[in-house]
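Taken together, the values in this text are just the output of simple stated rules run on the coordinates, not laboratory data. Everything numeric here is computed off the predicted structure, so don't read it as measured data. Please note: Cβ atoms are built from the backbone with ideal geometry, for glycine as well, and neighbour counts cover all protein chains shown.
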Amino acid sequence: MFTISDQEYRQLSAFIEKHTGIHLGPRKKSLVQSRLQQTLEKRKLETFDQYYVFLTNDSTGAAMKELTEKLTTNHTYFMRERDHFAYLQHHVLPYLEKSVSSKDLRIWSAGCSYGQEPYTIAMILDDYFGANKFAWDTKVLATDISPRVIEEAKLGVYKNEDVLQLPERWRSKHFQAYDGERTAVKQHIKQEVLYRPLNLIHPFPFRQPFHVIFCRNVMIYFDEHVRADLLRRFYNSLLPGGYLFIGHSESLQREETSFRYVMPAVYRK
């Protein structure tokens, strides 16, 4: 078993924070050590110091990608924090329907993980606009730092039990059997979500601002400086009156942000 020293851990965690924004802190030393065991074996490295040198010398980006995959946790599920989805359907969408004359809705799921969040948003949009949906551009942008997770999200295949918590009418309309143990999102919903890899600490590549941004249970991994910068860029990326949804385990210091509080974990520009 490879053992990481305090110095090696400080060096590696500083590298991780610089390139991903993820703040590990001193309590994650054993987690980092355990999750990178196979990587050191595969690369035939003998110490974490050698691994650090390997990381810093890799110009292809493959080593950083592999490191990110090892250390990020993509835990989510359908209808997580369902009060957000109810607020989206009953308050946000009626406001946007009346105010967006171009009929081009711009909704971003940042840190989308395996796709449950953006697919849920797409199904809510399908419900809300119904027969008038053809007149609107309702595609949802979904991004995540992990290209592997993005590819899995694009497939839209989930365990049968993961889909059971959804309304029966959604299951019959938007899902189909994939095999005996899994269920797949139907194409008419999959085509409504545009997946892109994106590291949130990098400059946003978007030309147009958004009406709604979901970034839930992502900022808990960042320190206060990275969070403050990300919130500033979210604010600048929203249209006036736009909404930001964050996780219930997260909070904004009202005196440090320009967002206006709406309800728990929902803010507005």
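What residues have an amide H closer than 5 Å to that of His248, excluding those fewer than 5 places away on the same chain, when H is modeled at 1.01 Å from N in the peptide plane?
Correct list: empty.
Can you give me the pair-distance distribution of region 6-71, C-alpha pairs, 10 Å bins, whole percents?
Answer for region 6-71: a P(r) of 20, 64, 16, 0 percent.
Near Tyr267, within a Cβ-to-Cβ distance under 10 Å, what is the net charge of the other residues, with Lys and Arg +1 and Asp and Glu -1? Don't skip to the end; give the middle numbers.
Values: positive: Arg254, Arg260, Arg268, Lys269; negative: none.
Taking every Cβ under 10 Å from that of Tyr267, the sum is +4.
Restricting to DSSP loop positions (anything but H, G, I, E, B) with no more than 10 other Cβ atoms inside 10 Å of their own Cβ, which GluC sites (Glu not before Pro) remain in region 1-94?
For GluC sites (Glu not before Pro) across region 1-94 that sit outside H, G, I, E and B with at most 10 neighbouring Cβ atoms in 10 Å, the list reads Glu46.
I want the local charge near Pro26. Using Cβ-Cβ distances under 14 Å, sum +1 for each Lys or Arg and -1 for each Asp or Glu among the other residues. Please list the in-between numbers first.
Numbers: positive: Arg10, Arg27, Lys28, Lys29; negative: Asp6, Glu8, Glu17, Asp223.
With Lys, Arg at +1 and Asp, Glu at -1, the neighbours total 0.
For semi-axes √(5λ) of the Cα gyration tensor in Å, several values are listed as (1) 25, 23, 17; (2) 35, 23, 16; (3) 30, 23, 16; flag the one computed from this structure.
Working out semi-axes √(5λ) of the Cα gyration tensor in Å from the coordinates points to (2).
Using only Cα atoms, what is the ratio of the radius of gyration of region 174-246 to 2.2 N^0.38 Å?
Values: Rg = 16.3 Å, N = 73, 2.2 N^0.38 = 11.2 Å.
For region 174-246, the normalised Cα radius of gyration comes out at 1.45.
With every atom except the alpha carbons ignored, what do you get for Rg and Dmax of region 208-252, in angstroms?
Considering region 208-252 through its Cα atoms, Rg and Dmax are 10.4, 29 Å.
At a Cα cut-off below 13 Å, give the aspartates and glutamates reachable from Lys18, other chains included and same-chain residues fewer than 8 away excluded.
Counting by Cα, and skipping residues close in sequence, Lys18 has these aspartates and glutamates nearby: Asp223.
If you filter region 91-168 for chymotrypsin sites (Phe, Trp or Tyr not before Pro), then keep DSSP loop positions with at most 15 other Cβ within 10 Å, what is left?
none
Show that you can apply the helix-only estimate: for the chain, add -39,500 (n - 2.57) for every DSSP H stretch of four or more residues, divide by all residues, and state [θ] at 222 nm to the nearest 500.
-11500 deg cm²/dmol
For every other residue with a beta carbon closer than 13 angstrom to the beta carbon of Leu12, add +1 if it is Lys or Arg and -1 if Asp or Glu, then tell me the sum.
My count for the surroundings of Leu12 gives +2.
What residues have an amide H closer than 5 Å to that of Val140, excluding those fewer than 5 places away on the same chain, when H is modeled at 1.01 Å from N in the peptide plane?
Excluding prolines and chain starts, which carry no amide H, the hits are Val193, Leu194.
Could you list Met263, Met123, Met64, Met219 in order of exposure, starting from the residue whose Cβ has the fewest other Cβ atoms within 10 Å?
Listed from fewest to most nearby Cβ atoms, that is Met263, Met64, Met123, Met219.
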